[in-house]
Protein chains: 2
Amino acid sequence: MSLAYPLHTAHQTKPLTTAADAIDELGLRMAFAKDEEVYGQDEDADMLYRVVSGVVRTSRLMSDGRRQVGDFYYPGDVFGLEPGDAHRFAAEALTDCVVLVLKQSTLRAHADDEALTKIIWEAAARELERAQEHVMLLGRKSAFEKVASFLNEITHRGADSGHGDLPMSRQDIADYLGLTIETVSRTISRLQTAAIIEFEGCRRFHVRNDAALARLSE
Amino acid sequence: MSLAYPLHTAHQTKPLTTAADAIDELGLRMAFAKDEEVYGQDEDADMLYRVVSGVVRTSRLMSDGRRQVGDFYYPGDVFGLEPGDAHRFAAEALTDCVVLVLKQSTLRAHADDEALTKIIWEAAARELERAQEHVMLLGRKSAFEKVASFLNEITHRGADSGHGDLPMSRQDIADYLGLTIETVSRTISRLQTAAIIEFEGCRRFHVRNDAALARLSE
DNA sequence: CGTCATCTTGATTACGCTCAAGCTCCGTGG
DNA sequence: CCACGGAGCTTGAGCGTAATCAAGATGACG
């Protein structure tokens with residue numbers, strides 16, 4: 001059972017997308033502490049979620065402990081949508097975060113709500129698009145290209161594309177890219193030596209050569 | 001422009017799923033010769049497809065020629081559904097095949113058709129599920145496990161699970177698994193040496209040790 | 001300021017890739 | 001019917017990239 005608790009604060013945050021209100025109205029706001037589980041692998045998928053603040057990570061474990069990170073979800077992103085009726089990946093709070101939770105039953109009761117249907121369809125589309133991109137990255141890119149792609153995406157995800165913040169650990173990055181932490185670390189060092197990026201601390205970086213970073217990402 | 005031509009044969013094939021009729025009725029039947037392109041990478045996605053006979057492969061090329069195979073589609077499978085409005089992967093006929101083609105415009109005209117909506121939703125769900133499984137395979141499995149997983153899935157896709165047919169080349173398998181043909185070939189040889197599978201010719205095999213194959217697939 | 005987790009760096013190993021022959025199978029033509 | 005040719009598959013030798021094993025360095029937090 002999750003330790004998360006519902007927040008009954010009445011104040012509305014600014015809608016993050018034009019269609020955000022459907023979930024805003026129907027959903028329940030919950031807070032999760034860093035490293036807390038939102039839902040577990042193989043649990044029933046009877047909720048839909050949207051990040052309000054913080055970052056969520058989905059991941060899946062193999063029986064021998066190998067881990068694959070599915071994706072990272074930022075404020076505004078919908079997650080928890082599953083092709084089947086069980087969660088194939090677990091979802092964990094990467095940082096302290098607030099999440100809007102919507103029951104599937106509520107969802108079905110509003111099946112005729114066009115705005116809601118649109119949100120779900122767009123979430124599914126985005127999920128599929130990212131999974132396909134992930135397949136490309138994992139299947140055919142070198143470690144160097146993987147790390148460059150990852151950092152490049154981080155910089156373009158935020159509004160300001162000259163720098164990036166990494167809320168996730170090196171282990172998270174490694175498990176997302178299908179590498180080891182050592183390889184991620186070494187590759188980041190090489191990117192710095194090549195004057196393509198520059199880190200201040202290990203969780204924040206600036207892009208020195210945007211074109212080179214983009215080229216390495218293919 | 002595709003060389004495929006519409007077939008106006010009136011005879012109906014047996015529906016492959018209970019909900020198959022919606023596409024059967026609205027779609028146009030087209031034949032594609034082996035290696036012919038159904039649609040190209042980055043083309044507009046304005047059709048939805050379902051395999052009637054034969055096998056279809058989706059793939060994507062990087063600018064330097066590296067190729068990633070997205071998936072293989074068998075009779076009954078829907079493909080061509082895209083998260084955006086362009087095809088991220090090309091689709092090619094792996095064998096001579098017949099495909100049902102449905103225009104997006106026709107599809108929108110029947111947006112209220114529940115059966116059709118269900119087909120599309122299920123296709124999207126299946127697509128996402130397979131992409132996620134693919135991510136797991138590419139990110140965290142060894143060459144041995146990748147090949148074993150692949151062969152295991154082939155055997156369970158067909159009705160008779162004791163054997164498998166490979167309509168695709170070693171290159172196709174390699175590009176699906178993120179390996180080279182040599183590694184695929186060597187791994188298959190090792191699986192035979194280990195008496196887990198047995199090939200007759202290079203496109204057909206029997207499973208000798210189902211448990212071992214399943215275990216290697218995780 | 002000390003402690004511990006996280007990250008970086010180094011040395012070595014190994015898995016899968018590359019390059020290079022052979023081999024098999026199948027279609028084609030003599 | 002068999003010989004030939006070529007594409008696709010297999011096998012081998014050597015190499016390179018990323019993994020593993022092992023210390024250190026950094027930095028967050030009490």
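The values are calculated or read from the model by the stated rules, or taken from the named source; none is laboratory data. Note that this is a predicted model, so its numbers are computed, not measured. Ideal geometry is used to build each Cβ from the backbone, glycine not excepted, and the neighbour counts take in all protein chains shown.
Can you tell me which residues in the range A:115-137 are aliphatic (A, V, I, L, M) and either facing chain B (nearest Cβ under 9 Å) or surrounded by 17 or more Cβ atoms within 10 Å (Cβ to Cβ) (or both)? A:Leu116, A:Ile119, A:Ile120, A:Ala123, A:Ala124, A:Ala125, A:Leu128, A:Ala131, A:Val135, A:Met136, A:Leu137, listed by residue number.
A single member of A:Ser149, A:Ser189 is within 16 Å of DNA strand D (Cβ to nearest atom), crowded, with 20+ Cβ neighbours inside 10 Å and of a type in the set (S, T, N, Q), and it is A:Ser149.
Taking every residue in the range A:132-146 that is more than 14 Å from A:Thr180 (Cα to Cα) and pairing it with any residue that is within 13 Å of DNA strand C (Cβ to nearest atom), at least 6 positions away or on another chain, the pairs with Cβ-Cβ distances below 6 Å are A:Met136/B:Gln68; A:Gly139/B:Gln68; A:Gly139/B:Leu138; A:Gly139/B:Gly178; A:Arg140/B:Arg66; A:Arg140/B:Gln68. Kindly establish whether B:Val207 is buried (at least 20 other Cβ atoms within 10 Å of the Cβ), in contact with a His (Cβ under 7 Å, 6 or more places away or on another chain) and within 14 Å of another protein chain (Cβ to nearest Cβ). Taking the combined requirement at face value, the residue does not satisfy it. The condition (being of a type in the set (Gly, Ala, Ser) and at pLDDT 95 or above) is satisfied by just one residue among B:Ser149, B:Ser161: B:Ser149. Among the residues of the range A:128-143, write down those that are within 14 Å of DNA strand C (Cβ to nearest atom) and outside any loop (DSSP other than H, G, I, E, B). Passing the criteria: A:Leu138, A:Gly139, A:Arg140, A:Ala143.
The residues of the range B:50-64 that are more than 14 Å from every other protein chain (Cβ to nearest Cβ) and over 9 Å from the mean Cα position of the chain (by Cα), listed by number, are B:Arg50, B:Val51, B:Val52, B:Ser53, B:Gly54.
Candidates are the residues of the range A:94-106 that are of a type outside the set (Lys, Arg) and assigned to a strand (DSSP E or B); the one that is surrounded by the most Cβ atoms within 10 Å (Cβ to Cβ) is A:Val99. When B:Ala159 is tested against (1) surrounded by 20 or more Cβ atoms within 10 Å (Cβ to Cβ); (2) away from DNA strand C (no atom under 16 Å from the Cβ); (3) of a type in the set (A, V, I, L, M, F, W, C), just one condition goes unmet, and that condition is (1).
Hey, does the range A:200-207 have a residue that's within 14 Å of DNA strand C (Cβ to nearest atom) and of a type in the set (A, V, I, L, M, F, W, C)? Checked the range A:200-207: at least one residue is within 14 Å of DNA strand C (Cβ to nearest atom) and of a type in the set (A, V, I, L, M, F, W, C).
Restricting the first member to the range B:158-169 and to residues that are within 15 Å of B:Val56 (Cα to Cα), and the second to residues that are part of a strand (DSSP E or B) and of a type in the set (A, V, I, L, M), the beta-carbon pairs closer than 9 Å and six or more apart or on different chains are B:Met168/B:Val69.
Just one of the listed residues (A:Arg126, A:Arg67, A:Arg140) is under 15 Å from the mean Cα position of the chain (by Cα) and of a type outside the set (Asp, Glu), and it is A:Arg126. The conditions of being outside the structural domain of A:Gly54 (by TED's automatic domain parsing), over 22 Å from the mean Cα position of the chain (by Cα), within 15 Å of DNA strand C (Cβ to nearest atom) and within 18 Å of A:Glu145 (Cβ to Cβ) are met by A:Arg186. Suppose we filter B:Leu216, B:Leu151 for residues that are in contact (Cβ under 8 Å) with a residue 24 or more places away in the chain and within 14 Å of chain A (Cβ to nearest Cβ); which single one remains? Among B:Leu216, B:Leu151, only B:Leu216 is in contact (Cβ under 8 Å) with a residue 24 or more places away in the chain and within 14 Å of chain A (Cβ to nearest Cβ). When A:Arg140 is tested against the conditions (1) within 10 Å of chain B (Cβ to nearest Cβ); (2) crowded, with 22+ Cβ neighbours inside 10 Å, the lone failure is (2). All of (1) under 17 Å from B:Leu128 (Cβ atoms); (2) modelled with pLDDT of 95 or more; (3) β-branched (Val, Ile, Thr) hold for A:Ile120 with one exception: (2). Kindly check whether there is at least one residue in the range B:124-138 that is within 13 Å of DNA strand D (Cβ to nearest atom), closer than 30 Å to A:Gly65 by Cα and either modelled with pLDDT of 95 or more or not assigned by TED's automatic domain parsing to the domain that holds B:Ser59 (or both). Taking every residue of the range B:124-138 in turn, at least one turns out to be within 13 Å of DNA strand D (Cβ to nearest atom), closer than 30 Å to A:Gly65 by Cα and either modelled with pLDDT of 95 or more or not assigned by TED's automatic domain parsing to the domain that holds B:Ser59 (or both).
State whether the residues of the range A:85-93 include one that is buried (at least 20 other Cβ atoms within 10 Å of the Cβ), closer than 22 Å to A:Met30 by Cβ and within 16 Å of DNA strand D (Cβ to nearest atom). Looking through the range A:85-93, at least one residue is buried (at least 20 other Cβ atoms within 10 Å of the Cβ), closer than 22 Å to A:Met30 by Cβ and within 16 Å of DNA strand D (Cβ to nearest atom).
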